[in-house]
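Here's the structure, in structure tokens; my notes come after.
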Amino acid sequence: RLVGSEMCIRDRRYAASLTGRASHAGTTPIDQRSDALATAAALVLAVEREAREADGALMGTVGRMLVEPNVPNVVPGRVELAFELRSLDDERIELFAPDHSSEIYIPAGTRKSAGFVGEEVTVHVTQ
């Protein structure tokens with residue numbers, strides 16, 4: 001067991017940019033939406049889920065989110081968020097968020113439970 005100065009907590013901060021398509025909420029059918037905020041919500045929950053399932057070996061927090069256009073009757077077309085992961089084990093962090101920039105294409109229909117059922121949303125993550 002590591003104690004005191006032998007312990008070294010690693011932390012990594014990430015910025016994620018999610019790009020969908022802004023559209024009028026009243027006239028865009030749910031199956032044709034490209035909702036960046038719904039996908040961001042899924043990412044927030046994924047960070048929390050991974051931390052919970054790690055049973056104390058990983059800490060994760062999404063601490064900042066900017067939604068555009070930030071209007072109640074418009075499907076969000078862009079979300080910027082920042083999250084941090086902490087662990088004693090670099091490999092634990094690497095499993096969840098690789099140590100490099102990545103772009104993830106989320107195919108249409110994959111986030112139905114989070115409200116994302118339309119077109120693709122691009123997620124760009126940088127450390």
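The values are calculated or read from the model by the stated rules, or taken from the named source; none is laboratory data. This structure is a prediction, so every number in the text was calculated from the model and none was measured. For neighbour counting, all protein chains shown are included, and Cβ atoms are generated from backbone atoms with ideal geometry for every residue, glycine included. These accessible areas exclude ligands, DNA and RNA; they are computed on the full protein's heavy atoms, side chains included. Shrake-Rupley method; radii C 1.70, N 1.55, O 1.52, S 1.80 Å.
Annotations for the structure displayed:
- Computed over protein heavy atoms with a 1.4 Å probe, the accessible surface of segment 2-67 works out to 60 Å² per residue.
- Summed residue charge, Cβ within 12 Å of Ala82's Cβ, Lys/Arg positive, Asp/Glu negative: +1
- Among Glu94, Glu84, the sequence by solvent-accessible area, most first, with a 1.4 Å probe is Glu94, Glu84.
- Under the combined filter of DSSP loop state and at most 14 neighbouring Cβ atoms within 10 Å, segment 1-74 retains these trypsin sites (Lys or Arg not before Pro): Arg1.
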